[in-house]
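The values are calculated or read from the model by the stated rules, or taken from the named source; none is laboratory data. Since the model is a prediction, treat every value here as computed from it, not as a measurement. Methodologically, a virtual Cβ is constructed for each residue, glycine included, from the backbone with ideal geometry; neighbour enumeration extends over all protein chains shown.
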Amino acid sequence: MESIANFLFEVGMLNKTPRTGYQFLGSGKESVSEHVLRTLYVGYTLCKMDETLDEQHVLKMCLFHDLPEARTGDMNYVNKKYVEVNEEKAVRELCGGLSFGGEIKKIIDEFNLRETKEAQTVMDADQLALILQLKEYGDLGNRYADEWINYALKRLITKNAKKLAGQIIKTDFSNWWFKEKSDWWINGNKK
């Protein structure tokens, strides 16, 4: 039970672990946990767009894909040019002693290999979560967001992810809540 308690405390570190790329973008911030949550929703959505995917497996992979960052931190593309992270060691030590550790390790390994359609879908969910965040920052005036989006678009693998990304790019991030510019926005009345 102690190893399980330690695991659950370690997962909590993802709340405190920042995604470090935003320091180079010049605006925005996000924890690894926030990123994982959006990735889960994107992965779920991609599964609904392709019923041949193993939804439960995709969601587990979305959940665990960045778990090693509780130990390694989030290494952005600049950091990765100079610092080598031993993710394999982090995963091995993180999973060691857990009765379900083998399952987590297998899922993370599958994600990193990107050979299965589920792993490719999770890779796309990971990139779409980033694209959504960047689109928000771009709509709010960050002039570098579009350039970053273009690189993330090149990393997409599946047809559905590319199709969804095209719609994300065309959609204003505030449209979902501000599309009905009615009397409600003046008086607060439901009509």
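Numbers below:
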read-out	value
Single match in 161, 152, 165 (criterion: assigned to a helix (DSSP H, G or I), at pLDDT 95 or above and closer than 22 Å to residue 33 by Cβ)	152
Selection status of residue 146, over 18 Å from residue 41 (Cβ atoms), acidic (Asp, Glu) and in contact (Cβ under 8 Å) with a residue 24 or more places away in the chain	no
Subset of segment 26-55 [under 23 Å from residue 13 (Cβ atoms) and assigned to a helix (DSSP H, G or I)]	32, 33, 34, 35, 36, 37, 38, 39, 40, 41, 42, 43
Candidates 97, 102, 73, filtered to the one that is among the small types (Gly, Ala, Ser), over 27 Å from residue 169 (Cα atoms) and in contact with a Cys (Cβ under 9 Å, 6 or more places away or on another chain)	102
Residue 45 vs. criteria surrounded by fewer than 18 Cβ atoms within 10 Å (Cβ to Cβ) and either touching a His at 6+ places or on another chain (Cβ under 9 Å) or touching a residue at least 60 places away in the same chain (Cβ under 8 Å) (or both)	yes
Qualifying residues in segment 1-40 (those that are touching a residue at least 12 places away in the same chain (Cβ under 8 Å) and aromatic (Phe, Trp, Tyr)) - the one surrounded by the fewest Cβ atoms within 10 Å (Cβ to Cβ)	24
First in segment 157-171 and closer than 10 Å to residue 128 by Cβ, second anywhere and among the basic types (Lys, Arg), Cβ under 7 Å, 6 or more apart	168/135
Some residue of segment 124-144 being exposed (fewer than 13 other Cβ atoms within 10 Å of the Cβ), in a helix (DSSP H, G or I) and aromatic (Phe, Trp, Tyr)	no
Condition met for residue 71 (in contact with a His (Cβ under 9 Å, 6 or more places away or on another chain) and among the basic types (Lys, Arg))	no
Residue list for segment 89-123, filter: surrounded by fewer than 19 Cβ atoms within 10 Å (Cβ to Cβ) and among the hydroxyl-bearing types (Ser, Thr, Tyr)	99, 116
Number of the condition not met by residue 71 [criteria: (1) closer than 23 Å to residue 120 by Cβ; (2) surrounded by fewer than 19 Cβ atoms within 10 Å (Cβ to Cβ); (3) touching a residue at least 24 places away in the same chain (Cβ under 8 Å); (4) among the basic types (Lys, Arg)]	(1)
